[in-house]
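Trainee: Encoded as structure tokens, here's the structure I'll be asking about.
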Protein chains: 2
Amino acid sequence: MTARLIDGTAVARKVREDVGRGVEELVAGGGVAPGLATVLIGDDPASEVYVRNKRRLSVQAGMQDLHRHLPGDVDQATAAALVDELAADPAVSGILLQLPTPEHLDSDALIARIPPDKDVDGLTTSNAGLLAQGRPGLRPCTPAGVMTLLEEYDVPLSGAEAVVVGRSVLVGKPMAQLLLAQNATVTICHSRTRDLAEVCRRADVLVVAAGIPGIVGADAVKPGATVIDVGIHRGENGLRGDVEFDEVAEVAGAITPVPGGVGPMTIAMLLANTLTAARAQQGMPENEAG
Amino acid sequence: MTARLIDGTAVARKVREDVGRGVEELVAGGGVAPGLATVLIGDDPASEVYVRNKRRLSVQAGMQDLHRHLPGDVDQATAAALVDELAADPAVSGILLQLPTPEHLDSDALIARIPPDKDVDGLTTSNAGLLAQGRPGLRPCTPAGVMTLLEEYDVPLSGAEAVVVGRSVLVGKPMAQLLLAQNATVTICHSRTRDLAEVCRRADVLVVAAGIPGIVGADAVKPGATVIDVGIHRGENGLRGDVEFDEVAEVAGAITPVPGGVGPMTIAMLLANTLTAARAQQGMPENEAG
């Protein structure tokens, strides 16, 4: 392969270490360690793994683990009451509702109860509006993690052509906003795009968040482009992404692997958001670590 | 010229007539006529003209004119108190703060006091978030007006390449979101875009909201494209837009004139939003006129 490998595991470790130092400074400055309330409803094994990792790494960064678990058959009112309780609790800096919730629950309605300043996943309508209007707010973790990777690898964005594949509320749409805020010329593609490969070939920076294994191959990549693969799928030969890694790595200038690319960044940015939230709630100034 | 002329004056009239019928139906159904509270601060002559037109056309559509005028030297607290009073008044369906406000005032802070369901200009962070997340809400009037023009002229959007020039919070950004919601492949350009003409030439639908007279010429237009000019500038020979009309009209398939294109749509959509707001506040179902 000729592309430079973008090492998300290493960058995520650096971000978590920076957050750990930020937590120490917050406490040393008379503040309180940030508290992360992960909320898991039910016993989905994949969700349990995700939540366990978030808790472990938040503790490693010096945060308080304020995890809450509800049974899978909980009713909407009880789940809502838990979110309200966490919203009112000053020890809780951030609330993370692990998705998906069981089908009988309205997860949107639960998210809407999270106060914007504790919305460390950046999922509330309020934080989406702040991002759209270019105002400070908590950004969704995955696209924020992509931005940190691009920054760490000095990928030029101002004036660059950026193409985002996928328009989800969680990733594609906020990704486009964040790239635009860094002065890229941004195109957003999706299932109705007529000639996906042709549009992708324009990209200096290509972010693929389609959720379809291998949708982007070498024919969709301009030589030298930076390719960021947000997809993650479990296949017969282990994990893979939305990008045909082997062939694209021969064309691209830089590429994220799966696993070890965007994945580790999501939790790292969750911790960064939790520190940012705690600082703001405690009236402490933002600094570089956040 | 070879391009079809998109007649915004005629479409705006049709929208206003539809709104007028919607108001009649609302009242006939036991509801109350919508009330539009235009708020003018100071005596800027251009703003006075805009507000006068909004009031005149809202009355023509059967709405209550709840105009308020504050002196140009009013302090922030007094202006905020007026917005709060209108927010609490059940006769007020929509609040329109005419911009720009005098420089000593924080207009963003005033807009933030408008309840989202009375934000008929679609400017609040809440409505920006609803748009970004693809949820129902009040949309900014100018981009909503562009969408209505495209719909009235049966311009295909699904799978089409749409290019938006300009990334303002009022026009460019919500415009991109609305085109994306109609399944266009959307590119957003701005002052840092490397080769604006090259990017614009990809567009089947080109919306120009740069605020720079004549920034888009014939070299930036694909033959047959639909060109929507949001710009309006007062020059030596009368009003003109962001598009070099005469030369582009020889290349485009359809084009909006300035004046008489997007301009009249903005007030029409304001009235449509006010009716939508009134219906929602009165618990009346949405119908086609809104």
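The values are calculated or read from the model by the stated rules, or taken from the named source; none is laboratory data. Remember, predicted model here, so these are calculated numbers, not experimental data. Note: ideal-geometry Cβ built from the backbone for every residue, glycine included; neighbour counts use all protein chains shown.
Trainee: Would it be correct to say that A:VAL171 is over 22 Å from A:ILE111 (Cα atoms) and modelled with pLDDT of 95 or more?
Mentor: It is false that A:VAL171 is over 22 Å from A:ILE111 (Cα atoms) and modelled with pLDDT of 95 or more.
Trainee: Let me ask you something else. Which of (1) more than 23 Å from B:CYS200 (Cβ to Cβ); (2) at pLDDT 95 or above does A:ALA203 not meet, given it meets every other one?
Mentor: (1)
Trainee: Looking at region B:248-272 only, could you name the residues that are over 20 Å from the mean Cα position of the chain (by Cα) and surrounded by fewer than 16 Cβ atoms within 10 Å (Cβ to Cβ)?
Mentor: Hit for region B:248-272 is B:GLU250, nothing else.
Trainee: Next question. Of the residues in region A:246-279, how many are part of a loop (DSSP other than H, G, I, E, B) and either charged (D, E, K, R) or at negative phi (or both)?
Mentor: 11
Trainee: Moving to a separate point now. Given the conditions (1) closer than 16 Å to B:VAL51 by Cβ; (2) assigned to a helix (DSSP H, G or I); (3) touching a Pro at 6+ places or on another chain (Cβ under 7 Å), and given that B:LEU131 satisfies all but one, which numbered condition is not satisfied?
Mentor: So the condition that B:LEU131 fails would be (1).
Trainee: Any residue at all in region B:160-178 that is farther than 30 Å from B:ARG202 by Cα and either out of contact with any Phe, Trp or Tyr (no Cβ under 7 Å at 6 or more places or on another chain) or more than 8 Å from every other protein chain (Cβ to nearest Cβ) (or both)?
Mentor: No, every residue in region B:160-178 fails to be farther than 30 Å from B:ARG202 by Cα and either out of contact with any Phe, Trp or Tyr (no Cβ under 7 Å at 6 or more places or on another chain) or more than 8 Å from every other protein chain (Cβ to nearest Cβ) (or both).
Trainee: List the pairs whose first member sits in region A:102-130 and is without any contact (Cβ under 8 Å) to a residue 12 or more places away in the chain, whose second member is small (Gly, Ala, Ser) and buried (at least 18 other Cβ atoms within 10 Å of the Cβ), and whose Cβ atoms are under 7 Å apart, counting only residues at least 6 apart or on separate chains?
Mentor: Sorted first by the residue in region A:102-130, then by its partner, the pairs are A:SER126/B:SER126; A:SER126/B:GLY129; A:GLY129/B:SER126; A:GLY129/B:ALA128; A:GLY129/B:GLY129; A:GLY129/B:ALA132.
Trainee: If you don't mind, there's one more thing I want to ask. Test each condition in (1) in a loop (DSSP other than H, G, I, E, B); (2) crowded, with 18+ Cβ neighbours inside 10 Å; (3) more than 10 Å from every other protein chain (Cβ to nearest Cβ) for B:LEU123 and report the one that comes out false.
Mentor: (3)
Trainee: Let me ask you something else. Got a sec? Which strands (runs of 3 or more DSSP E) wholly within region B:1-108 have at least 2 residues that are surrounded by fewer than 14 Cβ atoms within 10 Å (Cβ to Cβ), out of contact with any Lys or Arg (no Cβ under 7 Å at 6 or more places or on another chain) and in the same structural domain as B:PRO223 (by TED's automatic domain parsing)?
Mentor: Counting at least 2 such residues, we get no strands (runs of 3 or more DSSP E) at all.
Trainee: Which residue, of A:VAL199, A:VAL243, A:VAL207, A:VAL221, is within 13 Å of another protein chain (Cβ to nearest Cβ) and crowded, with 16+ Cβ neighbours inside 10 Å?
Mentor: A:VAL199
Trainee: Right, here's the next one. Given the criteria within 16 Å of the chain's Cα centre (by Cα), more than 19 Å from B:SER47 (Cα to Cα), crowded, with 23+ Cβ neighbours inside 10 Å and among the hydrophobic types (A, V, I, L, M, F, W, C), does B:LEU275 qualify?
Mentor: yes
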